[in-house]
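See structure below.
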Amino acid sequence: MNSSKTISGFSKLTKSEKLDWIEQHFFDGDVKMSETLKQYWHYDNAMQDVLDGFSENTISNFPMPYGVAPNFMINGKHYLVPMVIEESSVVAAASAAAKFWLSRGGFKTEVIGTKKIGQLHFKFTGGNLLLKKLFPQIEIYLRKGTESLTKNMRNRGGGIESLQLIDFTSEEEYYYQIRGEFETCDSMGANFINSILEKFGELLKTFILNHDEVAAEYKDVQIIMAILSNYTPDCMIRASVSCKIEELGMFAGGIDAKEFADKFATAVKIAHIDPYRATTHNKGIYNGVDSVVLATGNDFRAIESCGHAYASKDGRYKSLSSCEIKDGKFKFWIDLPLAVGTVGGLTKLHPMAKISLQMLGNPSAEELMGIITSVGLAQNFAALRSLITTGIQQGHMKMHLQNILIHMDATPEQKVNADKYFEDKTVSFSAVRAFLERPVVNS
Ligand code: MEV
């Protein structure tokens, strides 16, 4: 190991000291790196302090495009949806799908459940019969012992819903779990649930220690860990679109509504059959989902891991969306487990998340679930529509061309000319460079 590239106490350095150290040890003293990173510091120191407070060892900010998709109609209400995403075509695709469904009744959503899950994992050597017998008393003790922690949430209509003892001793000696269901109202609830679970751990130890029916040699409960589960299949929302087949209209390449509907349904079915396709199919859904999740200050890693676990619930990774053609109707829907919040966490602390929520009319968590899921469905619809008609490269390459032109410092005139020139040609870095470098012929 090169010791000059290691350090203790890095976190204690000021931001400038951190940059100096990085410059010396990783950029051969080149000041350009620090200068570039400093360009992205927020001009308002107080705002920069807020951003720095979200993470550790921050040396700069990482800008991402913040776009909006207009024309979303969800449950009869119009939305302008904020999206944070670095991939081209995603916002354009969401907007196009929103417009397509705007004139066909829009998106409908239905909350199927809002329960979150938390787990206390522990080992108890005194036997499952005794533990099962004591569990009703344990449950009362845990609920009572956490009343001060749950009070505010109970006042808002939430709190601990159910507690269940699960015996895993057949898979791991002495291992049990208390699985709790929680209602966390408009908050995502991670801190609430984790605080309760950690308290449960202390309370369980005390209960067992002091209970007469537990013999002295079994009194030492070992708490393994206390943490929420990001798998929330009971925090679930359905978003759907539907119309008569003929209302779908005509598509690129002269594809009529009937052929489109059949091809579309087959494309969705393929994503139910084949995990390789399902992964890409669901990735397209999360292009939409994650971008709204990020824009509203929610945790996209939690939401993705939950969605992918749910997509595998039948033992094979499958599409999260479904399509049905019945009685002359085209119906396309998605069931998504989605634990989001509109209060707490970053939602009000991050100025951009706050604006996003304002843009959406300060929705409740349930309403936000519906918006995010509709954007995921819109994204999936747009991707499949392109795939089964023109292919996606046509749209992608247009955006790609613009990115290459920016990268090559093309003038506005060169950009317009390149757009025209590449209409019927393949876009690549070398082709664009050759186009820009070709001699200009004055007529
Ligand atoms: C690209 O980011 C997403 C797609 O690949 C999704 C899909 O294939 O369904 C276009």
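Quick notes
- Y66 being over 30 Å from M369 (Cβ atoms), at pLDDT 95 or above and in contact with a Pro (Cβ under 8 Å, 6 or more places away or on another chain): no
- For segment 281-303, a residue qualifies if it is of a type outside the set (V, I, T) and within 14 Å of the ligand (Cβ to nearest atom), and the qualifying residues are H281, N282, K283, G284, Y286, N287, G288, D290, S291.
- Any hit, segment 260-283, residues being of a type outside the set (S, T, N, Q), under 31 Å from the mean Cα position of the chain (by Cα) and under 30 Å from Q137 (Cβ atoms): no
- When restricted to residues that are out of contact with any Leu (no Cβ under 8 Å at 6 or more places or on another chain) and within 12 Å of the ligand (Cβ to nearest atom), segment 259-280 contains 7.
- Exclusive hit being basic (K, R), surrounded by fewer than 19 Cβ atoms within 10 Å (Cβ to Cβ), away from the ligand (no atom under 16 Å from the Cβ) and modelled with pLDDT under 95, set K331, K348: K348
- Only residues that are surrounded by fewer than 21 Cβ atoms within 10 Å (Cβ to Cβ) and in a strand (DSSP E or B) were counted across segment 221-235, and they come to 6.
- Test: residue in segment 375-397 that is farther than 21 Å from K115 by Cβ, surrounded by fewer than 18 Cβ atoms within 10 Å (Cβ to Cβ) and away from the ligand (no atom under 14 Å from the Cβ): no
- Set G370, G361: member being out of contact with any Phe, Trp or Tyr (no Cβ under 6 Å at 6 or more places or on another chain), closer than 21 Å to L102 by Cα and not in a helix (DSSP H, G or I): G361
- Residue pairs meeting the criteria (Cβ under 6 Å; at least 6 apart or on separate chains; first within 21 Å of N75 (Cα to Cα), in segment 231-252; second acidic (D, E) and assigned to a strand (DSSP E or B)): R238/E110; R238/D335
The values are calculated or read from the model by the stated rules, or taken from the named source; none is laboratory data. None of these values were measured; they are calculated from a predicted model. In this analysis, Cβ positions are derived from the backbone assuming ideal geometry, glycine residues included, and neighbour counts consider all displayed protein chains.
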